[in-house]
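Colleague: Mind looking over this structure? Questions follow.
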Amino acid sequence: MEAIMQIGFLGGTGVEGKGLSLRFAASGAEVILGSRSAEKAQAKAAEYNQILGKPVIRGMTNEAMLSAADMVFITLPFTEAGPAISGLGARIRPGTVLVDVTVPTRFADGRVEYLEQPDGSNAEAIAKHVPPGVELVGAFKTIPAHVLADLDVVLDCDVLICGVSKAAREKVMDAARIIPGLRPVDAGPLSTARVLERMTIFAIQLNRRYKVKGARFRIVGL
Ligand SMILES: NC(=O)c1ccc[n+]([C@@H]2O[C@H](COP(=O)([O-])OP(=O)(O)OC[C@H]3O[C@@H](n4cnc5c(N)ncnc54)[C@H](OP(=O)(O)O)[C@@H]3O)[C@@H](O)[C@H]2O)c1
């Protein structure tokens, strides 16, 4: 990354927001947790700064975060992401890169399955709500949140990044490069999210079959 980037999280107070914010903050980025409640975001930021031993994460409302961040990760429940982007549309500054990490997952009868989407993927469903001048990229869908949150774990995996705009994909690849042990891979158009979201379900299935918790992907031959 050229300069220290402000990385924001829409709904950054959950487990995915924790994992990503800790990894980025530990790697030198400035991080802003967004929430519907400024107090909740500030409390989470204080908790994560304690883990990091340095005050590099701030907490504020989702709206305030959007006016400060250069790149915004959508770390909301998958059902809420599209409506939230619609509702906050006018607050998202042109030039912002939105990074969708959502995976439409259903747990039923002890099994995990992909919840089929009419648009092909949740990323493509969210894209319908993105305002003009803002780019949407799908990334980090296949890396478990708890693995990200445990800073003692060497990631040693790929982050697969898809989106309409190559320039936006490259911005997210540059951001990912600051995290040790993570190799960004350009996965092409946004429709690749159909593959990536299903890969996440596959990883969860592998976790269960092999009785492990951190299955993730590394592509060889690149
Ligand atoms: N867990 C994993 O390993 C993993 C891996 C890859 C991708 N993901 C994806 O990461 C995303 C986030 O997962 P998570 O487990 O962190 O989610 P979560 O804890 O259920 O929710 C994250 C945050 O979203 C906000 N939120 C919840 N309901 C909302 C609503 N109705 N409207 C607006 N904001 C709402 C809440 O923040 P406030 O109350 O502070 O506003 C909450 O803390 C999911 O889409 C998931 O598919 C997860």
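The values are calculated or read from the model by the stated rules, or taken from the named source; none is laboratory data. All values reported here derive from a predicted model rather than from experimental measurement. In this analysis, Cβ positions are derived from the backbone assuming ideal geometry, glycine residues included, and neighbour counts consider all displayed protein chains. Protein only, heavy atoms only, side chains kept; ligands, DNA and RNA dropped before computing areas. Shrake-Rupley method; radii C 1.70, N 1.55, O 1.52, S 1.80 Å.
Colleague: Does the stretch 153-222 classify as rounded, prolate or oblate by the C-alpha gyration tensor (a ≥ b ≥ c root eigenvalues; a/c under 1.5 gives rounded; else a/b over b/c gives prolate, otherwise oblate)?
Modeller: Cα axes put the stretch 153-222 in the oblate bin.
Colleague: Once the other residues with Cβ under 11 Å from the Cβ of S86 are scored (Lys, Arg +1; Asp, Glu -1), what is the net sum? The partial results should precede the final answer.
Modeller: Details: positive: K128; negative: E80.
Summing Lys and Arg as +1 and Asp and Glu as -1 gives 0.
Colleague: Let me ask another. Over all directions, average the projected area of the Cα convex hull of the stretch 1-118 and note it in nm².
Modeller: Values: hull surface 34.3 nm².
Taking a quarter of the hull surface, the average projection is 8.6 nm².
Colleague: Then there is this: Give me the distance in nm between label points sitting 7 Å out from Cα along the Cα-to-Cβ direction at Q6 and D150, one decimal.
Modeller: For Q6 paired with D150, the spin-label model returns 3.4 nm.
Colleague: At a 1.4 Å probe radius, which order do S67, S165 fall into by accessible area, largest first?
Modeller: Values: S67 75, S165 25 Å².
Result of the area sort, largest leading: S67, S165.
Colleague: Once every DSSP H run of n ≥ 4 in the chain is given -39500 (n - 2.57) and the sum is divided by its residues, what mean residue ellipticity at 222 nm do you get, rounded to the nearest 500 deg cm²/dmol?
Modeller: For the chain, the value works out to -11500 deg cm²/dmol.
Colleague: Over the stretch 176-222, with the other protein chains present, what is the accessible area per residue in square angstrom, probe 1.4 angstrom?
Modeller: 60
Colleague: Net charge near V97, counting Lys/Arg +1 and Asp/Glu -1 over other residues with Cβ under 11 Å of its Cβ? If you can, show how the numbers build up before the last one.
Modeller: Details: positive: R93, R169, K171; negative: D70, D100, E135, E170, D174.
Local charge sum for V97: -2.
Colleague: Average the reciprocal distances over every distinct pair of alpha-carbons in the chain, invert the result, and give the Kirkwood radius in Å.
Modeller: Result for the chain stands at 17.3 Å.
Colleague: Dipole size in debye (nearest 20) for the stretch 95-222 around its Cα centre, Lys and Arg Cβ +1, Asp and Glu Cβ -1?
Modeller: Values: 17 positive and 15 negative charges, 72 e Å.
Computed about the Cα centre, the dipole is about 340 debye.
Colleague: What Kirkwood radius, in Å to one decimal, follows from the Cα pairs of the stretch 138-182?
Modeller: 11.2
Colleague: Okay, moving on. For each pair in K18/K213; K141/K166; K141/K171; K54/K211; K171/K211, compute the distance between the two Cα atoms and list the pairs where it is over 27 Å.
Modeller: Violating the 27 Å Cα-Cα cut-off are K54/K211; K171/K211.
Colleague: Rounded, prolate or oblate: which fits the stretch 89-196 when a ≥ b ≥ c are the square roots of the eigenvalues of the alpha-carbon gyration tensor, with rounded for a/c under 1.5 and prolate only if a/b beats b/c?
Modeller: Here the stretch 89-196 falls in the oblate category.
Colleague: Calculate the radius of gyration of the Cα atoms of the stretch 1-68 to one decimal place, then report Dmax, the largest Cα-Cα distance, as a whole number, both in Å.
Modeller: Gyration radius and largest Cα-Cα distance of the stretch 1-68: 10.5, 32 Å.
Colleague: Additional query: Figure the gain on full extension for R93 and D174 (residue separation times 0.36 nm, minus the Cα-Cα span) and round it to one decimal in nm.
Modeller: 27.1 nm
Colleague: Would you tally the net charge around G19, using a Cβ to Cβ cut-off of less than 14 Å, leaving G19 out, and scoring K and R as +1, D and E as -1?
Modeller: In short, +2.
Colleague: Roughly what % of DSSP beta bridges within the stretch 98-193 run antiparallel, to the nearest 5?
Modeller: Of all bridge pairs located within the stretch 98-193, approximately 40 percent are antiparallel.
Colleague: Amide H neighbours of G8 under 5 Å, counting only residues 5+ apart in sequence or on other chains, H built in-plane at 1.01 Å?
Modeller: Long-range HN contacts for G8: I32, D70, M71, V72, F73.
Colleague: Express in nm, to one decimal, how much length is gained between E39 and R111 on full extension, taking 0.36 nm for each residue of separation and deducting their alpha carbon distance.
Modeller: Answer, rounded to one decimal: 22.3 nm.
Colleague: While we're here: Taking only C-alpha pairs under 8 Å that are 6+ residues apart, what is the relative contact order of the chain in percent?
Modeller: Computed over the chain, the figure is 18 percent.
Colleague: Would you mind telling me the share, in percent, of accessible area of the chain contributed by carbon and sulfur at probe 1.4 angstrom? Walk me through the numbers before you get to the answer.
Modeller: Working: 5610 of 10170 Å².
The computed percentage sits at 55.
Colleague: For the stretch 15-129, give the share of DSSP beta bridges that are antiparallel, in percent and rounded to the nearest 5; count only bridges with both residues there.
Modeller: Looking only at bridges with both residues in the stretch 15-129, the antiparallel portion is about 30 percent.
Colleague: Hey, another quick one. Out of residues 5 or more away from V159 or on other chains, whose amide H comes under 5 Å of its own, with H placed 1.01 Å from N in the peptide plane?
Modeller: Long-range HN contacts for V159: R183, V185.
Colleague: Further question: Give me the dipole magnitude in Debye, nearest 20, for the stretch 1-145 about the Cα centre, with unit charges on the beta carbon: positive for Lys and Arg, negative for Asp and Glu.
Modeller: 380
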